[in-house]
1. What are the residues in segment 1-26 that are crowded, with 19+ Cβ neighbours inside 10 Å, part of a helix (DSSP H, G or I) and not charged (D, E, K, R), if any?
2. For segment 57-66, give me each residue that is farther than 12 Å from residue 8 by Cβ and surrounded by 12 or more Cβ atoms within 10 Å (Cβ to Cβ).
3. Keeping to segment 27-48, report how many residues are loosely packed, with under 15 Cβ neighbours inside 10 Å and modelled with pLDDT of 85 or more.
Amino acid sequence: MSETKKLYRSRTNRKIAGVCGGLGDYFDIDPTLIRLAIVFFTLWWGGGLLLYAIAWFIIPEEPEGAPAEAESHLLTDDNQPIPGQNIIPDSEQKDESGPSPDA
């Protein structure tokens, strides 16, 4: 049985409120295309910002426990890390090289 997709504002792929990132994740398209469409509708029709504001208000934010879309390809179907794949950001990894030579 396939898991149904839910529309959320992205926590990781955001410029303002994550609306375009969330729509991109939901429809499997590049969020940049959605951002360009918002700019186009704002300049041409004037309603792009209004649509964005409505979406910001209506679409819930992605839950904190949800895996980031950018890392989901490194997880199995039950959200377990694939053996041999590094999903810890470099900034969170411990420095195992020992003391620096400058010390």
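1. 19, 20, 21, 22, 23, 24
2. Scanning segment 57-66 gives no hits.
3. Residues that pass the stated criteria total 12.
The values are calculated or read from the model by the stated rules, or taken from the named source; none is laboratory data. No experiment lies behind these values; they were computed from the predicted model shown. Every residue, glycine as well, gets a Cβ built from its backbone with ideal geometry; the counts of neighbours run over all protein chains shown.
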